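The values are calculated or read from the model by the stated rules, or taken from the named source; none is laboratory data. Worth saying up front: this structure is predicted, and the values here are computed from it rather than measured. Please note: Cβ atoms are built from the backbone with ideal geometry, for glycine as well, and neighbour counts cover all protein chains shown.
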Amino acid sequence: MDVPGRRTRVCFALPSLAGGGAERAAVQILNALDGDRWDRWMYLFEREGPYLAELSPSIQIDASPTSSRLGRWRALRRFVRLVRPDVIVAFLSYFSVLAAARAAGVGARVVFNQQTPLSAFLNDSDFHWSRPWDRRTFAAATRMGYAAADLIVTTSRGVADDLVRSFGVKTERIRIVPNPVDLEAITKAAEEPLDPAYAALFTSPAIVSAGRLAEVKNYPLLIDALKILRERRPARLFILGQGDQAPALRASIEAKGLGDAVHLCGFQGNPWKYIARADVFALASKYEGFGNVLVEAMACGVPVVATSSPGSRAIVDDDVNGVLVEGHEPAAVAAALDRVLGDAAVRGRMSAAARRHAERYRAASIGAEYDRVLTEALA
């Protein structure tokens, strides 16, 4: 039973706040919700990750003290019974959160936040369910779990269409809300000076890419494209991020004779000061559900070149604020980069359009959209 005058209680549930796109989005969305209207909580299976520091001090955090799957489930169920959130938004670990919330028996609504196209996710070799048996089991569980959730939020039309087409989710149960971007924070961070180790290397034409060094980000495609591009212009590529693909990427860079042209800069707490100094931002992912970093690059006033996927198509207006590359081939990516780098007028036009488009994702606006969706879920 609600206490008179009590704010509506919302809880975002995640495995941790490790440095991924879903984790950053969860923090930004919860921060953007009106604290006068919502009593905001975050529940983590592990209280760790770089985005902990970005969470508003007014948001309460709870975490599981155990590492076992069953122990985490029980701890979350206890938390729900004790705190009694009105609505729980699950980012990742959807089925564990749904089962624990239902078992708690307090009537909490459960909303899934889907950041990526699930069919592509199931075929991603970075994850164990890419094996046929795991994939089929997970797909079957997805159909049942998504049917039991009260509402589903996707980051783009492409992610929503994939759920409908591949997993039988009903269209009327899906709401499309993009991720927010803190435009003021990006603008301020972009003004900071570059680290001395890289400042001297940033000569035009400079290309920047950012994201974890994983197969899905398809950095080999971008590196192959740069090799082709350098036959026409002396471009350099700066890759921001860390991951298990780093050794293979270093070996490939050396094998292609690009040691002086491609720089693996590791994880950067402030990637925007690098992006803002680029002539073009490039994203060669095999798939993206949204592509936060594309909006961030646009907020820095940098034109983008991105391979086509559900997430990039939702953000990039081809030949307006950037270039979409339909063919995931080195020559096609190289041609798109060459087109932007070779024409200052095109860069200027795209840069201005990019800044205007980034305003669409201002945190306050996206927070208001989430307010409406969560209110609907409670109804």
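Here are some residues: A314, A377. Which one is touching a residue at least 60 places away in the same chain (Cβ under 8 Å), touching a Gly at 6+ places or on another chain (Cβ under 7 Å), under 27 Å from A32 (Cβ atoms) and crowded, with 19+ Cβ neighbours inside 10 Å?
A314
Out of A63, A25, A100, which single residue is touching a strand residue (DSSP E or B) at 6+ places or on another chain (Cβ under 8 Å), crowded, with 20+ Cβ neighbours inside 10 Å and of a type in the set (G, A, S)?
Only one candidate passes the filter, namely A25.
Given the criterion touching a residue at least 12 places away in the same chain (Cβ under 8 Å) and at positive phi, identify the matching residue among L98, L55, L92.
L92
Out of curiosity, is W129 at pLDDT below 65, surrounded by fewer than 14 Cβ atoms within 10 Å (Cβ to Cβ) and assigned to a helix (DSSP H, G or I)?
Taking the combined requirement at face value, the residue does not satisfy it.
Name the helices (runs of 4 or more DSSP H) wholly within the stretch 145-236 that hold at least 3 residues that are modelled with pLDDT under 95 and buried (at least 19 other Cβ atoms within 10 Å of the Cβ)?
By residue number, 157-167.
Scan the stretch 320-341 for residues that are assigned to a loop (DSSP other than H, G, I, E, B) and touching a Pro at 6+ places or on another chain (Cβ under 6 Å) and report the count.
0
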